[in-house]
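> Right, I'll just put the structure down here and ask away after.
What follows draws every value from the coordinates through simple rules; no lab data is involved. Because the structure is a prediction, the values reported are computed rather than measured. Quick reminder, even Gly has a Cβ in these numbers, built from the backbone with ideal geometry, and neighbours come from all protein chains shown.
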Amino acid sequence: MAETIAEFVSEKVNKIRWRPQGPQALQQSDVFVSGSWDNEENRVRLWHLPDTPVKTEGVAAKGQLPARAVEPRLLCEVPHQGDVKDLKFLDYDKILAASSTGNVTLYKHHHNSQTLSVGQTWESLHHHGGRGCPCTGLAATLPDIVTVGEDGRINVVRVDHRAPIRTIDDADSCTLNAVSLKAFEVITVNSSGQLKVFDLRRPSSEPTRIFLLSGERIPLHCLDKHPGQPHIVATGGQDGSLYMWDLRQERHPVSAMDAHAWDMWEVLFHPTHPDHLFSCSQDGSLWHWDVSMTTATPLAMATPTASRSLVFLLMKRNRLKFSSICVQFLGTPFPSRLPAASQAQSSPWLLAKTGKQKVEVSSLLLDNIMSVNSLDIVGRNVVCGTDGEAIYVVRNINIR
Amino acid sequence: MVGILYVDPHISHEAVRYPTKMAANGMEEDFDDGEQPEITTISDPHLRMGISARWGAGNQLAVHAALHPPQEGVTSGIRESPRVHEVRWGTQEVNNPIIRKLINETHGTFVALQHHQPDTTSTTSNRKPQLSNFSRKYRSVIRACLMQLKQAEEAARDDVTAEEYGLQVEIYSMVELIWSLCEILFVESLPGGVVLAQLLDWVKWHFNEADGYAREATTSDTPHLHDSYWSAIYLYVLQGRGDEARKLLSLDPTRSMDVYDEYASIDELLRKMPFFTLYTGQSLAEFDMKWRHWQDECRRRYSEGEFNTNKNLETICRILCGDEDVFLELKDLTETWYRMLVSKLLYCNPTVKAFDLQYHVKACIDAYDGHATLGPLDNILLAAIEFDLHQVIKESSSLLGNWWFVAHLADLLFQCGQLESHSLNYGSNLREFLLLDYASSLMSHPSLWQVGASYLDYCPEFGRYYLEFYLERLPLQTEQKALKVLRECEKRDMKDISHSICKVMGVRALRNERLGSALSWALRSKDASFATFLADRFLSEYSSKGGFSSLDLLDNLGTAMVLSDRLTFLGKYREFHRLHEEWEFKSAANLLLQLLTNRMAPKKFWLTLLTDALPLLESEEVIFSTQQTYELMNCLEDISLSFRSSAYLHGDQPGDAQLKPTKGQQEVEKQKLDLIRLALARNLARAILSEGSLE
């Protein structure tokens, strides 16, 4: 059964990331990094999550000790200039942090002294005519690191190179909000509902493809690529819906699922169980999406689409009450213009719209009301940070 | 907002005065009470000429030198650059990381408490257990906070920090003490109003010196001879902790088993002492009978002189008998009047009702040198016992200088229905007044505005106005923050504020020459005039550079372009270019003609449009029909006429002299017109021919 641990940290958390496993480590990671925003002095902090101690029965109700023992413990911290907009572990002990000042900083974690130190800083990678502007996202497949910012620029930098090795100045006319990188392919989302793919091998600064939301131009805040099938991309934006894109095909998302009441700030596939997806939102919710339960026979199409929205309406109304709701997705606002055969059985996420796939959504935080800005998942543990200055760790999530 | 800025001409450096502690009942009364406003001196010689100030976010003033009233032609005489001073108050504790945890953690409880209200339509009596749950939640957070403060105090590296934390520990210990007493008296209020059991718990929880004494005694080699031995036993007895007292007593080796054992006797009395507990189904009368019985037995044994040989045991027995004098003798152990009160009531009047507590107070206070020596904390507790809530809150706010406590307590009491009768002549009611001030102190903090906004939601009368002012003044460093502030506005349907936020962000993007970004902000707030302005900028950029920027946005405007006519034109015009690029000449020509004929294009842009038509007119294939060519010619005549008008030649408005076209420009335009005229004529000829031959 999932258990939730809350720790108040006296700063609003904008980004949170698990550390990847060490070279010799066998057990799953128990260290994560958090970055704050909107504080007078922002910080990057490294936390350690102790193992759950053996449950001692009959501990006095007032006893604080057993409860405290499993709360995350601060390992070390370092001041950070500007809001921490994005964080990324390059490897076991190197953390890359994007700042609202336009700088990108590489921090090194020294295990012996438990300190964080600045390894390298790229000043004003993102700027308006020299004045720094927020760098909003980072992605890396070493040696390349890609950064995007409010100036619509894409920079490619490398560790140990002082200047960017490539800059695409007018990659976007709006703000780029998030980026993903695989080999030479850069995927970005912007604040006018567009998803763009750039190929770094091509000299041109034009995107190879532009995908966009049909209808309203809803700003997209986050994206994540399917770990096994890189053509499947999940994005979330201002309306809180979850959009699934198939980069091999249409110009528009394959499916759109009504989800959170307000902005979705982060969406992540489970790195090793990609049938599970996690999203968090401004409305204070943290959701676990599960498509691992495939139904053998296609569901009768008699069920009206209205019932779907009804279920979601109920979910929104009783946001704080429900613990787990099964939802059947039927139909989609984006009619497919492609033959159904071409996407047959490719991924449960792409089938979600055809009604052949059952999607189970459960809420992982029950009593939180402040915006959840970031989340990360490793194994069966999810960690998330909120504007309520709290870090929540949800352990032992049901992953099939 | 309450606050006064005084300018005192008698002080050489003008001073800003403001009350650091604004008591709950408002300013005027404070001054009546003789509380002096605190004076802060700003050492800036320029302020000598006069002083002016503006409210910042929350408890913040921007103070600068200024002449009053501003006079025409009088210069300030300041040579170096003038300074703006920032004055803040009441924000210090918000910066303490541990207090921030308290603020955030209790925020959740507060909101839950507000929402819990409408759910239970049942009577107040049914809500009691839930409300006391909320009260306990608050208390557990206070306790956790207090423990962390104590740890921080011990771990502090320097004296200043230690002192700071020490001060906070002191404040929150008081907060906890007052809160739990209020919880017993106002929130829990048990049936029958018998409160002694709770009061005993209260004393036990907050004052545990007895355990300390006992530890000292038992860890020594000869416990019974230790100074603290008897103190511990007395304290245990005074707090009604018979079992602990008996354990300690059994350690005394002087106890003689063979002769008459007075220890056994007192042990028996302590063991048999009846307690009134609610949940055993015992009626009050039943308990009263038992109690009398037991105390009669104590008195009997005492008067028979059973403990004459042992002074200490005699004292214990006197306590059990409820002998008034013995409490006076032990007043150094109970330390304060309220602890004496509880001990005394335990043995003299165990069935006392909450409302009767106040009648027993005087004797106890007199034992500690009377009313005159009461400190502020005593006054608060006394007011609570006298059920004077208004006084409790007033005294607490001036003693603790802490809005957190009074705001949450007032709200909880309000939810319990204890605060309804208090309405104020300023603000709406006490609860809202305090919540507003608490929220203001949060809003003054750079990071806690979201929490503050949430509190303002529950101030029905003024909350919204406050919030509008605060949200408008929040600095927007990043787009993400702007989005979050916008979300707060949209949640509350504050259209004006969200409009102005989008405008601020849009103009900022414009200054950074990010037209696309600016347009996306204009579209977000559906700001038609700003969109028109931006569309004009795009068009003039096209005219000067011959190309569009932000193509990714313009090509995908979709339905958003109907926001303003100019934007629609921009979108359509860009579509014309795309069609042209894609060799769709026929549809491009139709679109162009449509733009001209339905007067969608601004007049000054017609010449550009007609020039764009040139390649189409000159293409090998005939694209424009005769009818279409006539329409184009019509447009051409229209602008040639306007070129001869005085408005064009001398600028649209008299002031627009710089817009007046130069001689050279006029020449170029004239040539263009001639060229277009020629092209149109040739096209007309070709069109007539091809149309004629088709028939």
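> Just the number, please: Stokes-Einstein D of the stretch B:403-485 in µm²/s, Kirkwood Rh from C-alpha pairs, 10 °C, 1.306 mPa s.
Numbers: Rh = 13.4 Å.
The Stokes-Einstein estimate is 118 µm²/s.
> Relative contact order of the stretch B:203-335, please, whole-number percent, based on alpha carbon pairs below 8 angstrom and at least 6 residues apart.
Numbers: 100 pairs, mean separation 24.6, N = 133.
So the answer I get is 18 percent.
> Tell me, B:His390, A:His276 in order of fewest to most beta-carbon neighbours within 10 Å?
B:His390, A:His276
> Let me ask something else about it. Determine which lysines satisfy two conditions relative to B:Lys672: a Cα distance under 17 Å, and not lying fewer than 8 residues away in the same chain.
Leaving aside lysines fewer than 8 places away in the same chain, those within reach of B:Lys672 are B:Lys603, B:Lys604, B:Lys663.
> Could you pull out every residue, at least 5 positions away or on a different chain, whose amide H is within less than 5 Å of the one on A:Arg43? Hs are placed 1.01 Å off N in the peptide plane, and Pro or chain starts have none.
HN-HN under 5 Å from A:Arg43: A:Ser36, A:His80.
> Right, next: Could you tell me the largest-minus-smallest coordinate of the C-alpha atoms of the stretch A:100-239 on each of the three principal axes, in descending order and whole angstroms?
So the three principal-axis extents are 53, 39, 32 Å.
> Sort A:Glu3, B:Glu268 so that the residue with the fewest other Cβ atoms within 10 Å of its own Cβ comes first and the one with the most comes last. Kindly include the intermediate steps, with their values, before the conclusion.
Details: A:Glu3 11, B:Glu268 14.
Neighbour counts put them in this order, fewest first: A:Glu3, B:Glu268.
> Would you mind checking which residues have amide H under 5 Å from A:Ala140's amide H? H placed 1.01 Å from N; only 5 or more apart, or other chain.
Here A:Val146, A:Leu181 satisfy the definition.
> What are the ³J(HN,Hα) values, in whole Hz, obtained from phi via the Karplus relation 6.51 cos²θ - 1.76 cosθ + 1.60 with θ = phi - 60°, for each residue of the stretch A:192-208 in sequence order, with x given for Gly and Pro?
Result, rounded to whole Hz: 10, x, 10, 10, 10, 10, 10, 10, 5, 6, 7, x, 5, 9, 7, x, 6.
> Go through the stretch B:615-623 residue by residue and turn each phi into a ³J(HN,Hα) via Karplus (6.51, -1.76, 1.60, θ = phi - 60°); whole Hz please, and just put x for glycine and proline.
Coupling constants for the stretch B:615-623: x, 5, 5, 8, 5, 4, 7, 7, 9 Hz.
> I need the Debye-formula profile for the stretch B:203-335: one equal scatterer per C-alpha, no solvent, reported as log10 I(q)/I(0) at q = 0.12, 0.14, 0.19, 0.22 1/Å, two decimals.
Summing over Cα pairs of the stretch B:203-335 leads to -0.49, -0.67, -1.17, -1.44.
> Kindly state, to the nearest 0.05, the FRET efficiency for B:Asp243 paired with A:Arg400, given R0 = 45 Å and r defined as their beta-carbon distance.
Details: r = 53 Å, r/R0 = 1.18.
In this case the efficiency is close to 0.25.
> Roughly how compact is the stretch B:505-550, stated as its Cα Rg over 2.2 N^0.38 Å to two decimals?
Values: Rg = 10.1 Å, N = 46, 2.2 N^0.38 = 9.4 Å.
Dividing the Cα Rg of the stretch B:505-550 by 2.2 N^0.38 Å gives 1.07.
> Run down the lysines and flag those whose C-alpha is under 23 Å from the C-alpha of B:Lys311, throwing out any fewer than 8 positions away in its chain.
B:Lys247, B:Lys272, B:Lys331, B:Lys344
> Going by C-beta contacts inside 10 Å, put A:Glu360, B:Glu386 in order with the fewest on the left.
On the way: A:Glu360 17, B:Glu386 14.
With the fewest neighbours first, A:Glu360, B:Glu386 line up as B:Glu386, A:Glu360.
> At 0.36 nm per residue, minus the direct Cα-Cα distance, what do B:Lys663 and B:Ile39 gain on full extension? Give it in nm, one decimal, please.
Values: separation 624, 0.36 × 624 = 224.64 nm, distance 6.87 nm.
This chain segment gains 217.8 nm when fully extended.
> Another one. If the cut-off is 20 Å between C-alpha atoms, which lysines fall inside it for A:Lys88, apart from same-chain ones fewer than 8 positions away?
Cross-link targets: A:Lys12, A:Lys15, A:Lys108, A:Lys182, A:Lys225.
> Right, something else. Would you please give the residues with an amide H less than 5 Å from that of A:Ala178, counting only those at least 5 places away or on a separate chain, with H modeled from the backbone geometry?
A:Val189
> Using θ = phi - 60° and the Karplus curve 6.51 cos²θ - 1.76 cosθ + 1.60, what whole-Hz ³J(HN,Hα) does each residue of the stretch A:95-105 get, with Gly and Pro shown as x?
Each residue of the stretch A:95-105 in turn: 10, 9, 10, 9, 10, 6, 7, x, 7, 10, 10 Hz.
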